[in-house]
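The values are calculated or read from the model by the stated rules, or taken from the named source; none is laboratory data. Predicted, not measured: the structure shown is a model, and the values here were computed from it. Cβ placement follows ideal geometry from the backbone for every residue including glycine, while neighbour counts extend to all protein chains displayed. Areas reflect the complete protein model, heavy atoms only, side chains present, ligands, DNA and RNA absent. Shrake-Rupley method; radii C 1.70, N 1.55, O 1.52, S 1.80 Å.
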Amino acid sequence: MAAPSHLKKSLGRNLKDNYLKHWTPEDGGKTSAMGADMEDMLTDEHVRSVQNLGLDPDKVEVYYNASPAILYEQALRYEKGTSITATGALVVRSGVKTGRSPQDKRVVDEPSSSRDVWWGKVNIKLEEASFLVNRERAIDYLNTNDRIYVTDGFAGWDPDYRVPVRVITSRAYHALFMQNMLVVPSEKELDEFEVDAFPKPFVIYNAGMFPANRYTEGMTSSTSVSINFERGEMVILGTQYAGEMKKGVLTVMMYLMPLRPSRNLSPAVRALPLHSSCNVGKDGDVSLFFFGLSGTGKTTLSADPERFLIGDDEHVWTSTGVFNIEGGCYAKCIDLSREKEPEIFDAIRFGSVQENVVFDQWTREVDYADVSITENTRCAYPLKFIPNAYIPATIKSHPSNIILLTCDAFGVLPPVSKLSPEQTMYHFIAGYTAKVAGTEMGVTEPTATFSACFGGPFLVWHPYHYAEMLSAKMVAHTCPAWLLNTGWVGGGYGVGHRCPLKYTRQIVDAIHDGTLLNLPDSSYETMSCFGLSHPKVQVKDVPSAILNPQEAWEASGKAAEYKEKVRHLAGLFEKNFEQYAPQCSEAVIQAGPRTSFEPEKRK
């Protein structure tokens, strides 16, 4: 399938730029001879150099923005382990890697971005020479294939902020996945995809079926996910897990958005990228954020039949409103059922991509309880598959509530707490939750962790940079904030049980309709060590024993163990926050948990 004329011209322009970099001053006369007709002159002497862009027209058949039907045919014909389920979704295997590999992520240390990047264990430095070795390795591999797939789309629904993204991959599965996750351009937008009105496309070279050379400087395994902000490129080697592309795009947006419209503007005006979900009430005047890591409930809770879904995972809060970064959703499938999550269940149909699920070989019915391949079973589907999706996924209004999601594995945090502005900042920076089994390679059970801004692996700037912007926007738009715990109640992991989804949904409803906000102060009590204000009375159908962890533990005769767990978790918070305290105000530091804090007893 031939690439369209605008793509051919793009390849020619890029080749010209790349080719001329290697010319000496005495070659100047030749450059002028090339002029604007470079793409026509490539046919003889230089066409093979087009592999610098990942495409060799002499060897590789290019499928450009192919339809889902064509990508189904390609995947079924050429990719082992691919099938169609009873509902019409494409089932694929991601190989050995069934989750992200954060330890293999690298960011190139280059002049244009170096002073902005939060260097350390999240953003590990990589020399540009090593990046170029990986890039050439990826391109060489792509050109050994008989066919490759090119997908052009946008990161972001707001035309004023969106970033064009080009994905080049050897698997039809990856192309369909990114068609679902990016915002699909119209024909007119594709024709203008690379004109001066848009930034240069960010290019993802996905050669995940080919390993990195572990002897390349900066590599620690055969897997490598590396980003170069100056070149506007990402190279993937040694992992076929499609989530690396999705989160790579989020990382790019995490860097670029705070620079929009200008880095010199105040924090309240600049664009704030967030690892969050968002929906809006039927009146169209209330939008809602959920901040949380994978497995905390962002996707599930945002798919509310009573509200319009803007997005389930990645958003940007601008000076005029909110927009979704993605064109689709990437939902966890473990224990999925129509009864619990009807919107997600019914979205799994033709055009959707299901990763690493197990199905009946005769009926093709998926067994969502079977985690023999991985607990991180996933499905990627377009946003339009959700019946109450808000499309275009951008809204010119600001959040009415801020909700921080956590999944407490210790079972001591209340299901919902009302936060002060300082507490909101503290818990946003701390980003406490539990890593849910299967989300990352090597995680087999929930583990207490702290992920700054509820998206630590994807941050580029220092966490305080994002927190400062969030604080400024909250003040500017008067947003109340809540800490919602979707984790364990009545005891920790292995003893208690996860808070029933029906109760969590009712708590969220109570936030929406103002029930919690309008409760008198006498209906709240303060938790020891954490200073969190939580309801002590029944809210809707949620029993007070669920809302008050201490009451649940005491009912099972474990009052002393509860106090011990509370102090232990508070100590973990204190230790974690030491790394951020130097850049925070004293009010924010004091708003966090303290092992010595005890609330005043109510009379």
- Conditions (1) part of a loop (DSSP other than H, G, I, E, B); (2) out of contact with any Asp or Glu (no Cβ under 9 Å at 6 or more places or on another chain); (3) modelled with pLDDT of 95 or more; (4) more than 30 Å from residue 473 (Cβ to Cβ); number of the one not met by residue 354: (1)
- Could you list, in sequence order, the residues of segment 258-307 that are of a type in the set (Ser, Thr, Tyr) and open to solvent by 20 Å² or more (accessible area, probe 1.4 Å)? 262, 266, 294, 299, 300
- Task: State whether the residues of segment 356-370 include one that is in contact with a Gly (Cβ under 8 Å, 6 or more places away or on another chain) and open to solvent by less than 70 Å² (accessible area, probe 1.4 Å).
- Result: no
- Query: Mind checking which pairs have a first residue in segment 517-541 that is more than 26 Å from residue 574 (Cβ to Cβ) and a second that is open to solvent by 70 Å² or more (accessible area, probe 1.4 Å), Cβ under 7 Å, 6 or more apart or different chains?
  - Reply: 523/536
- Note on the structure: Among (1) part of a loop (DSSP other than H, G, I, E, B); (2) at pLDDT below 95; (3) in contact with a strand residue (DSSP E or B) (Cβ under 8 Å, 6 or more places away or on another chain); (4) not small (Gly, Ala, Ser), residue 210 falls short only on (2)
- Note on the structure: Of (1) acidic (Asp, Glu); (2) surrounded by fewer than 16 Cβ atoms within 10 Å (Cβ to Cβ); (3) in a strand (DSSP E or B), residue 525 satisfies every one except (2)
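Which ones in segment 375-431 are part of a strand (DSSP E or B) and not hydrophobic (A, V, I, L, M, F, W, C)?
Result: 378, 381, 382, 394, 399, 400, 401, 406, 417, 418.
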- Task: Tell me, please, whether a residue that is under 18 Å from the mean Cα position of the chain (by Cα), under 26 Å from residue 89 (Cα atoms) and free of Cβ contacts under 8 Å to residues at least 60 places away in the same chain can be found in segment 183-205.
- Result: yes
- Single match in 121, 125, 80, 97 (criterion: touching a Ser or Thr at 6+ places or on another chain (Cβ under 6 Å) and open to solvent by 40 Å² or more (accessible area, probe 1.4 Å)): 97
- Reported set for segment 256-287 where residues are touching a strand residue (DSSP E or B) at 6+ places or on another chain (Cβ under 6 Å), closer than 26 Å to residue 115 by Cα and either among the aromatic types (Phe, Trp, Tyr) or assigned to a loop (DSSP other than H, G, I, E, B) (or both) is 271
- Query: Can you name the number of the only condition in (1) surrounded by 14 or more Cβ atoms within 10 Å (Cβ to Cβ); (2) among the small types (Gly, Ala, Ser); (3) more than 19 Å from residue 433 (Cβ to Cβ) that residue 514 fails?
  - Reply: (1)
- If we scan segment 247-254, do we find a residue that is out of contact with any Phe, Trp or Tyr (no Cβ under 7 Å at 6 or more places or on another chain), closer than 22 Å to residue 398 by Cα and touching a residue at least 24 places away in the same chain (Cβ under 8 Å)? yes
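Quick one: which of 544, 585 is more than 29 Å from residue 505 (Cα to Cα), hydroxyl-bearing (Ser, Thr, Tyr) and surrounded by fewer than 15 Cβ atoms within 10 Å (Cβ to Cβ)?
Values: 544 fails: more than 29 Å from residue 505 (Cα to Cα).
It is 585.
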- Task: Could you list all residues from segment 348-367 that are in contact with a helix residue (DSSP H, G or I) (Cβ under 9 Å, 6 or more places away or on another chain) and among the basic types (Lys, Arg)?
- Result: 349
- In segment 565-582, anything modelled with pLDDT of 90 or more and exposed (fewer than 14 other Cβ atoms within 10 Å of the Cβ) is listed as 575, 578, 579
- Message: Taking the condition of being in a helix (DSSP H, G or I) and hydrophobic (A, V, I, L, M, F, W, C), how many residues in segment 462-513 meet it?
- Response: 12
- Item | Search result, residues across segment 132-180 that are hydroxyl-bearing (Ser, Thr, Tyr), part of a loop (DSSP other than H, G, I, E, B) and under 23 Å from residue 93 (Cα atoms) | 144, 170
- Message: Return the pair list, or none, for Cβ contacts closer than 8 Å from residues in segment 288-313 that are within 15 Å of residue 346 (Cα to Cα) and of a type in the set (D, E, K, R) to residues that are in a strand (DSSP E or B) and open to solvent by less than 10 Å² (accessible area, probe 1.4 Å), at least 6 apart or on different chains.
- Response: 304/279
- Of everything in segment 462-490 that's more than 15 Å from residue 424 (Cβ to Cβ) and out of contact with any Leu (no Cβ under 8 Å at 6 or more places or on another chain), which residue is least open to solvent (accessible area, probe 1.4 Å)? 489
- Task: Check whether at least one residue in segment 288-300 is out of contact with any Phe, Trp or Tyr (no Cβ under 9 Å at 6 or more places or on another chain), part of a helix (DSSP H, G or I) and among the polar types (S, T, N, Q), and report yes or no.
- Result: yes
- Query: How many residues are assigned to a loop (DSSP other than H, G, I, E, B), touching a His at 6+ places or on another chain (Cβ under 9 Å) and surrounded by 23 or more Cβ atoms within 10 Å (Cβ to Cβ) if we restrict to segment 308-322?
  - Reply: 1
